[in-house]
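To start, the structure under review is shown below, and the notes come after it.
The values are calculated or read from the model by the stated rules, or taken from the named source; none is laboratory data. Just so you know, these numbers come straight off a predicted model, no measurement behind them. Glycine gets a Cβ as well: all are built from the backbone with ideal geometry, and neighbour counts include every protein chain shown.
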Protein chains: 2
Amino acid sequence: MRRGVPALVVVGSIGLDTIETPETRRADVLGGSVSYACSAARFFARVGMVGVVGTDFPAAHRRLYRRLGIDTTGLQIVEGRTFRWSGVYEPDFINRRTLSTELNVFADFMPELPPAYCEAPLVLLGNIAPALQRHVLDQMRAPRFVAADTMDLWIRTTRADLDAVIRRVDLLTLNDSEARLLTGRHDLKEAAKAVRRMGPRYVVIKKGEHGAMLLHPDGLSLIPAFPVDRLRDPTGAGDAFAGAMMGWLAGRRRIGPEAVAHGMVAGSVVASFAVESFGLDGLTRLDRGGIETRRRALRAMASVFG
Amino acid sequence: MRRGVPALVVVGSIGLDTIETPETRRADVLGGSVSYACSAARFFARVGMVGVVGTDFPAAHRRLYRRLGIDTTGLQIVEGRTFRWSGVYEPDFINRRTLSTELNVFADFMPELPPAYCEAPLVLLGNIAPALQRHVLDQMRAPRFVAADTMDLWIRTTRADLDAVIRRVDLLTLNDSEARLLTGRHDLKEAAKAVRRMGPRYVVIKKGEHGAMLLHPDGLSLIPAFPVDRLRDPTGAGDAFAGAMMGWLAGRRRIGPEAVAHGMVAGSVVASFAVESFGLDGLTRLDRGGIETRRRALRAMASVFG
């Protein structure tokens, strides 16, 4: 691989989040889909981030990215305030309400990739407007494997743009309710099949604490979630899952159904650390040893066939 | 084993159900926890049923039990009408409302076991009033392994009786919301641990389409659900699951965490056939070959660890 070319490029949001759970509240926590995905991918691959922050973005956060080994040459710093989101979780720690969204510098974000990024073999189009996802994809020279994430907002508001992106990706991740919304089908297996007919060879349905389902060209795979001792903050769990999965895949010579399933296991394990702590803390404190120990524990729990 | 002694005794309700799903409605369908559990257990073990019906109970239903190889010597036929339940499923095919319950002959049911049943090594105390479950347990001479199922009604209304039963069983099955109701803990792993402190060595949390979790003396096991093509009627899924699990265990020399997990896989597979068809139809049409084919398919779907 060429010097300076990341194995994986991730685009998405970078924000300062104010999060309220039934237990605690923290203001201006480093967040955003890129932050979670890159912090999770870095265990497995050299990852380059694409995102935008304002001049108010604390230097300590940029130092954190670099300390984690994330390539930040694709991070734009623009005059103005950083994107901010605030939300409150209901007592179940799963459903949440958005209290406020300040787009700030994110409103005019047009992701421009450093030249080395355009040569990267893998791309994760994190959860941002489909038009921006497409703009990133257009700059990639010949990516080997492209994954995209999305959310209900884009399904409802920019459906044509989203459909155009979905047609061009190898893998799409959605949570269960988004899969139902996108396809109008209640049954998840049927919903996944309908998404596959829209383009992607791989469809990943995320079910939170219930694990994830993969529809691939040869059939279905079921990936268990690691049962955490205590759920503290589910923010970014899906981004961490997708980031770790893509990081894992970046290290594989061949990307087929088996490799994608193994990557999802890595995603499931890394995401379990993310939700056990507040914000990015679980991911920044984690190391490969911790991941491997929990991966083995999850394998033992799932060894239920005689 | 003594001649005429079933390997597994199951007690529970027998009813004529009127079920309305978003797709269809059928009246006076053979149902009840004993019907589902025995129809599922019979693939793996000689099973004896304990239950009560009225004189209006169609002879064809009794013949069906016998055709399935179920021992009906513990089936009481009492002057009066059979227990009737009617319910309607919401569009998600999961949540349901009870429209009416007619206890009829079930109101005065006092389960008396045929002498041969008292020698049975395994007992499944299906979902009936805890006082009746205890009455069955008191008649068993020296059961090797006792499992009980329960529901929100008994947790809310007869808690002391239920606690007394829970103390005496080896395994308790509950669905996720019941586990939370019983223990006051939201997190399922914590809830399962709290149930274990109440007595049972094994706690099985059923999560419907999301599979099941087993807390055992050595830790946790995660059992996937088979993703069905089309959910038609979830009635009796939990009973079929427990029946198949206990039938499977009846054939095991040693019952430990591994055997219970394997039994739960059998339960998961058999229950998937139950919910694909209306009422008992999926279970009565099923054969061992069908179970084994689907067990292998589920194992392949769950083979996601490198």
Looking at (1) closer than 30 Å to residue A:231 by Cβ; (2) among the small types (Gly, Ala, Ser); (3) surrounded by 18 or more Cβ atoms within 10 Å (Cβ to Cβ), which is the one condition that is false for residue B:177? (3)
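Please verify whether region B:34-54 includes one or more residues that are over 15 Å from residue B:247 (Cα atoms), aliphatic (A, V, I, L, M) and surrounded by fewer than 24 Cβ atoms within 10 Å (Cβ to Cβ). So that I can check it myself, show each step before the final result.
Initial filter on region B:34-54 (over 15 Å from residue B:247 (Cα atoms)): B:50-54.
Next cut, aliphatic (A, V, I, L, M) only: B:50, B:52-53.
Filter again for surrounded by fewer than 24 Cβ atoms within 10 Å (Cβ to Cβ), leaving none.
The answer is no; no qualifying residue exists.
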In region A:220-234, residue surrounded by the most Cβ atoms within 10 Å (Cβ to Cβ) [restricted to those that are out of contact with any Ser or Thr (no Cβ under 9 Å at 6 or more places or on another chain) and either in a helix (DSSP H, G or I) or at pLDDT 95 or above (or both)]: A:222
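Of everything in region B:216-238 that's within 14 Å of residue B:264 (Cβ to Cβ) and within 17 Å of the chain's Cα centre (by Cα), which residue is nearest to the other protein chains (Cβ to nearest Cβ)? Explain how you work it out, then say what you get.
From region B:216-238, those within 14 Å of residue B:264 (Cβ to Cβ) are B:216, B:220-226, B:237-238; that's our starting set.
In the following step, the residues that additionally are within 17 Å of the chain's Cα centre (by Cα) were identified as B:223, B:225, B:237-238.
Details: B:223: 5, B:225: 8, B:237: 15, B:238: 17 Å.
Residue satisfying both the conditions and the ranking: B:223.
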Taking region B:68-86 as the region of interest, how many residues are within 18 Å of the chain's Cα centre (by Cα) and among the small types (Gly, Ala, Ser)? 2
Per the list (1) modelled with pLDDT of 95 or more; (2) outside any strand (DSSP E or B); (3) closer than 27 Å to residue B:292 by Cβ, residue check on residue B:1 breaks on (1)
Looking at region B:257-306 only, could you name the residues that are surrounded by fewer than 20 Cβ atoms within 10 Å (Cβ to Cβ), among the small types (Gly, Ala, Ser), away from chain A (no Cβ under 12 Å) and touching a residue at least 24 places away in the same chain (Cβ under 8 Å)? B:277
With the condition kept exactly as written, say whether any residue in region B:20-30 is out of contact with any Phe, Trp or Tyr (no Cβ under 8 Å at 6 or more places or on another chain), within 19 Å of residue B:232 (Cβ to Cβ) and of a type in the set (Gly, Ala, Ser). yes
Subset of region A:56-98 (residues that are over 22 Å from residue A:109 (Cα atoms), more than 14 Å from chain B (Cβ to nearest Cβ) and at pLDDT below 95): A:87, A:88, A:96, A:97
Inside region A:144-155, can you point out the residues that are surrounded by fewer than 18 Cβ atoms within 10 Å (Cβ to Cβ) and under 16 Å from residue A:48 (Cβ atoms)? A:144
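Quick one: which of A:245, A:213 is outside any loop (DSSP other than H, G, I, E, B) and within 10 Å of another protein chain (Cβ to nearest Cβ)?
Numbers: A:245 fails: within 10 Å of another protein chain (Cβ to nearest Cβ).
Going through A:245, A:213 in turn, just one is outside any loop (DSSP other than H, G, I, E, B) and within 10 Å of another protein chain (Cβ to nearest Cβ): A:213.
If only one of B:80, B:69, B:48 is part of a strand (DSSP E or B) and not aromatic (Phe, Trp, Tyr), which one is it? Quick ask: steps written out before the conclusion?
Working: B:80 fails: part of a strand (DSSP E or B); B:69 fails: part of a strand (DSSP E or B).
Criteria check complete, one pass: B:48.
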Take the residues of region A:4-41 that are in a loop (DSSP other than H, G, I, E, B) and among the polar types (S, T, N, Q): which is nearest to the chain's Cα centre (by Cα)? A:13
